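In what follows, a structure is listed as structure tokens, so that the remarks can point back to it.
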Amino acid sequence: MSIIRNIYCVGRNYSQHAAELGNDVPTSPMFFSKPTHALVEATGQTIALPGNRGDVHYEAEFVIRIGKPYAVGMKAEDVIDAIGLGIDFTLRDVQSELKKKGHPWLLAKGFPNSAVITRMLPFPGMDVCERTEFSLLINGERVQHATIREMIFDLQTILDFAATHYGVGEGDLIYTGTPAGVGASAHGDRMQLFWGDELLGECTLHMEN
């Protein structure tokens, strides 16, 4: 995989997901980030997650990679060079406590292996991205699925916001938000990420105590 500079993530970008967690739907993109140490490619291996800090929730996401420097006013399709799928693993109990205190989410979002990523595909164009469904299967059961047409904030809006407030450049990954269906992961779960009918990545979870 190419060198990754930043890992940006968009929260609450599907209205049904916001509702299932009892959160308000945002009126502008809500970003957080993960350290690059959180990134792990799903190549069929077993990955370790902290099983001793409460529930670890899975959140499947459509992911874009930026191929050149981006500035507001540029078209998203001119700077996205690849797409993939990811899982934003979240320590949900830890996050709930942080939210109560008004603290940042990094402790709940930034642990090693919390940013699973599949192999990347060359950007196929916006039309293909908008009509192709992505999905997460756990132990053979489909638990999450959506198209990016269902996002509250589209890719152009996400990129413009990120460029304005944080800067966006070559090598950045953006996890664009998760649809409804998130839940707690369990030891031994087999996770498979599909782009349409194509399996892009898979892994098995090992919950460490």
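Top to bottom by accessible area (1.4 Å), largest first, where do Ser135, Ser15 land?
Final ranking, largest accessible area leading: Ser15, Ser135.
Based solely on C-alpha atoms, express the radius of gyration and the Dmax of the chain in angstrom.
15.8, 48
For region 186-200, take each phi angle, set θ = phi - 60°, evaluate the Karplus expression 6.51 cos²θ - 1.76 cosθ + 1.60, and give the result in whole Hz per residue in order, putting x for glycine and proline.
Karplus-based 3J(HN,Hα) across region 186-200 equals 10, 4, x, 4, 9, 9, 10, 10, 10, 10, x, 9, 9, 6, 9 Hz.
With 25 Å as the limit, write out which pairs from Lys68/Lys99; Lys75/Lys99; Lys34/Lys101 have Cα-Cα distances beyond it, or answer none. Provide the component values of the computation, followed by the final result.
On the way: Lys68/Lys99 35 Å; Lys75/Lys99 35 Å; Lys34/Lys101 20 Å.
Among Lys68/Lys99; Lys75/Lys99; Lys34/Lys101, the Cα-Cα distance tops 25 Å for Lys68/Lys99; Lys75/Lys99.
How much length is gained on full extension from Ser15 to Asn139, taking 0.36 nm per residue of separation minus their Cα-Cα distance? All intermediate terms of the calculation are to be shown ahead of the outcome.
Details: separation 124, 0.36 × 124 = 44.64 nm, distance 2.62 nm.
Extra length from Ser15 to Asn139 when fully extended: 42.0 nm.
If amide H atoms are built 1.01 Å from N in the plane of the peptide, which residues on other chains or at least 5 residues away come under 5 Å of the amide H of Val168?
Tyr70
Please list Asp154, Asp189 in order of solvent-accessible area, largest first, computed with a 1.4 Å probe with all protein chains present.
Values: Asp154 80, Asp189 15 Å².
Greatest to least solvent exposure: Asp154, Asp189.
Do you know the relative contact order of the chain, to the nearest whole percent, from alpha carbon pairs under 8 angstrom that are 6+ apart?
35 percent.
By how many nm would the segment from Ala71 to Glu97 lengthen if fully extended, with 0.36 nm per residue of separation less the alpha-carbon distance?
Values: separation 26, 0.36 × 26 = 9.36 nm, distance 3.62 nm.
Full extension of this stretch gives 5.7 nm more.
Determine the shape class of region 71-121: with a ≥ b ≥ c the square roots of the Cα gyration tensor eigenvalues, call it rounded for a/c under 1.5, and otherwise prolate if a/b is greater than b/c, oblate otherwise.
Cα axes put region 71-121 in the oblate bin.
Using the Cβ atoms and a cut-off under 15 Å, what net charge is assigned to the surroundings of Thr46, where Lys and Arg are +1 and Asp and Glu are -1?
Numbers: positive: Arg190; negative: Glu41, Asp189, Glu202, Glu208.
So the surrounding residues net to -3.
Note down the accessible area of Val182, probe 1.4 Å, to the nearest 10 Å².
Per-residue accessible area (Val182): approximately 30 Å².
Largest first, how would Asp24, Asp88, Asp55 line up by accessible area (1.4 Å probe)? Present the calculation step by step, with values, prior to reporting the outcome.
Numbers: Asp24 125, Asp88 0, Asp55 70 Å².
Ranked list, largest accessible area first: Asp24, Asp55, Asp88.
Using helices alone, what [θ] at 222 nm do you get for the chain, with -39,500 (n - 2.57) per DSSP H run of 4 or more residues, divided over all residues and rounded to the nearest 500?
Helices in the chain give a 222 nm mean residue ellipticity of -5000 deg cm²/dmol.
The values are calculated or read from the model by the stated rules, or taken from the named source; none is laboratory data. In this text, all values refer to a predicted model and were calculated from it rather than measured experimentally. Here Cβ is always computed from backbone atoms with ideal geometry, including for glycine, and neighbour counts include all displayed protein chains. Note: accessible area is taken over every heavy atom of the protein model, side chains too, but ligands, DNA and RNA are not part of it. Shrake-Rupley method; radii C 1.70, N 1.55, O 1.52, S 1.80 Å.
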